[in-house]
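Novice: So that we are looking at the same thing, I have put the structure below in structure tokens.
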Amino acid sequence: MASASSSLASKLSSFRKNSFLSSSDLNTDQVLSLFELAKQLKSGNRRIDLGNRVLGLIFKKASTRTRVSFQVAMARLGGQTVDLNPQITQLGRGESIKDTARVLGRYCDALAIRTFSQQELEEYAEWSNIPVINALTDLEHPCQALADYLTIQEKFGRLKGINLSYIGDGNNVANSLMICGAMLGVNVKICSPRGFEADSQILEKARSLSEFGSKVSICHDPSKAVKEAQVIYTDVWASMGQEEEQLRRKEIFEKYKVDQKLIGLADDEVIILHCLPAHRGEEITEEALESQRSNVFDQAENRLHVQQALLAVQLGGL
Ligand code: CP
Ligand code: NVA
């Protein structure tokens with residue numbers, strides 16, 4: 001056990017004090033080691049005490065899972081979180097990120113930030129001098145992808161060669177699934193209506209990071225996309241910030257609903273994932289979400305374990 005722990009620590013030590021802004025900030029070995037640590041923490045076989053470290057939470061958008069899982073993760077690590085929402089700080093009155101980040105870097109040990117632009121997140125990382133974690137931007141949701149692939153690894157006992165078909169909007173969740181999946185040897189298909197495909201630069205980045213012969217592709221026909229899929233994944237059709245497009249998107253995305261018929265075309269062992277919150281009756285039917293195939297609550301639980309592992313590494317607890 002001692003030597004297994006020290007080998008994990010040595011694999012992850014290079015990530016200590018690093019920011020996690022994109023799924024591409026971790027390499028394959030680091031992600032797999034993080035999953036080992038997350039499983040140890042989940043099973044209770046490992047305890048890590050960070051001793052009163054403080055994580056600042058800056059959330060410009062609503063959140064249940066991400067916010068609470070970060071709060072609970074820090075509590076379990078013997079640390080704390082502090083709410084720094086723009087409505088209650090000078091950020092809401094226009095204080096610059098450049099100044100805010102330098103001040104917060106003097107008080108906090110890390111920041112988890114949920115905002116719109118990836119560039120804003122990068123600005124915090126540039127000025128704060130402490131690790132910054134992407135808690136969702138319009139471009140990526142890397143903590144979500146870690147929990148998703150940990151869940152898949154737990155269900156199938158492997159990641160290499162798994163076929164994941166994402167049906168719906170080519171959004172932040174899809175982008176991080178492509179990068180992280182490619183690195184782990186998962187074949188990722190992102191199936192969206194024309195005009196709503198995943199980001200082309202992220203697609204290229206994912207392909208350049210591909211390991212173990214994994215393939216990442218974009219397609220448009222859900223029935224073809226789910227053939228041989230062991231994982232069907234979906235997310236809302238209109239993300240936070242796109243509320244005014246909701247009605248228009250409902251019509252455009254109608255064919256991209258995950259229902260029992262679509263699930264019936266996939267592999268016999270297929271599981272259903274959704275990052276949640278779900279819009280039942282839109283991107284997924286009630287029946288599909290509540291079916292035996294659905295693993296969405298195990299997936300949500302894993303947000304806690306994987307983020308606890310991530311914080312333990314970034315804050316020097318290994
Ligand atoms: N999946 C996810 O990030 O959920 P929240 O928006 O509730 O944090
Ligand atoms: N794509 C969704 C994910 C929510 C967790 C959004 O950005 O709103």
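Novice: If only Cα atoms are counted, what is the Rg of region 278-318, and what is its Dmax, in Å?
Specialist: According to the Cα coordinates of region 278-318, Rg and Dmax are 15.4, 44 Å.
Novice: Moving to a separate point now. Let me spell out the model: positive unit charges on the Cβ of Lys and Arg, negative unit charges on the Cβ of Asp and Glu, origin at the Cα centre of region 184-318. What dipole size does that give, in debye rounded to 20?
Specialist: 360 debye
Novice: Return the equivalent ellipsoid semi-axes of region 107-170 as a descending list in whole Å, where each equals the square root of 5 times an eigenvalue of the C-alpha gyration tensor.
Specialist: Its equivalent ellipsoid spans semi-axes of 29, 15, 8 Å.
Novice: If I take every Cα pair under 8 Å that is 6 or more residues apart in the chain, average their sequence separation and divide by the length, what percent do I get for the relative contact order?
Specialist: 20 percent
Novice: Something else about it: When all C-alpha to C-alpha distances in region 1-138 are sorted into bins of 10 Å, what percent of pairs does each bin hold, rounded to whole numbers?
Specialist: 11, 39, 35, 12, 2, 0
Novice: With N denoting the number of residues in region 161-229, provide Rg(C-alpha) divided by 2.2 N^0.38 Å, to two decimal places.
Specialist: Rounded to two decimals, the normalised Rg is 0.97.
Novice: Additional query: Over the alpha carbons of region 209-318, what is the largest minus smallest coordinate on each principal axis, giving the biggest first in Å?
Specialist: 48, 37, 30
Novice: Shifting gears a bit: Got the relative contact order for region 37-81 handy, in percent, Cα pairs under 8 Å and 6 or more residues apart?
Specialist: 48 percent
Novice: Counting every Cα pair in the chain, what percent are over 33 Å apart?
Specialist: 23 percent
Novice: Between region 6-64 and region 106-147, what is the separation of their alpha carbon centroids in Å?
Specialist: When both Cα centres are located, 14 Å separates them.
Novice: Then there is this: Which of the trypsin sites (Lys or Arg not before Pro) across region 101-162 are loop residues per DSSP, with 16 or fewer other Cβ within 10 Å?
Specialist: Those that pass, being in a loop and sparsely packed, are 158, 160.
Novice: With N residues in region 1-42, what two-decimal value do you get for its Cα radius of gyration over 2.2 N^0.38 Å?
Specialist: Cα Rg divided by the expected 2.2 N^0.38 Å: 1.16.
Novice: Something else about it: Evaluate the relative contact order of region 142-235 (contact order divided by residue number), counting alpha-carbon pairs under 8 angstrom at least 6 apart; express in whole percent.
Specialist: Relative contact order here is 34 percent.
Since every read-out is calculated from the coordinates, none of them should be taken as a lab result. As the structure is a computational prediction, the values presented were derived from the model and not from experiment. No Cβ is skipped: glycine too gets one built from the backbone with ideal geometry, and neighbour counts run over all protein chains shown.
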